[in-house]
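Below is one structure, written out as structure tokens; the observations come after it.
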Amino acid sequence: MSETSATNQQRRTFLGILLGGVGATLGAVFAWPVFRFLAPRETGGAGSLVRVAKKDVQVGGAFFFNYKGHPAVVLQPKAGDYIALTAVCTHLGCIVKWVNEKGEFLCPCHGGRFSATGQVLGGPPPRPLETYSVKIEETDLVVG
């Protein structure tokens, strides 16, 4: 083998290794978001409970808080009657707002409307808001 041929072979080997490394890096860069999308999300533990003081939830009012890393809300439509719901719209994931005058939730993104119990009243949301269990313990509400 001549010296030129050996140099060409070394160049080909180097370029092959370089191209393989770049290809592997690009493959990892594109595969990571797909993996994160398909992997199960952290939920803060199956037994996560949140305590909310009863005094923070006025009759006819809403109290927003985080539950398992997502916005949630507790309502008291009637004295002593509590409802806990997710505050994430089922259409595109926007955070719903409580409209006290109407007694309903409004999604600011596309005008979705939900009742105080989370049922769809209008707009594009495909399903109701998810509900959470609420237990009353002396001065607190336990959600979860």
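The values are calculated or read from the model by the stated rules, or taken from the named source; none is laboratory data. Here the structure is a predicted model, which is why all the values come from computation and not from measurement. Here the Cβ positions follow ideal geometry from the backbone for every residue, glycine too, while neighbour counts run over all protein chains shown.
Couple of notes before you dig in:
- When residues of region 18-58 are limited to those that are of a type in the set (S, T, Y) and either within 21 Å of N100 (Cβ to Cβ) or not in a helix (DSSP H, G or I) (or both), the one modelled with the lowest pLDDT: T43
- Counting only strands (runs of 3 or more DSSP E) that sit wholly inside region 59-144, those with at least 1 residues that are exposed (fewer than 14 other Cβ atoms within 10 Å of the Cβ) and out of contact with any Pro (no Cβ under 8 Å at 6 or more places or on another chain) are 62-67, 70-78, 81-86, 97-99, 120-122, 134-137.
- Residue match in region 6-17 (condition: surrounded by fewer than 15 Cβ atoms within 10 Å (Cβ to Cβ), part of a loop (DSSP other than H, G, I, E, B) and not acidic (D, E)): no
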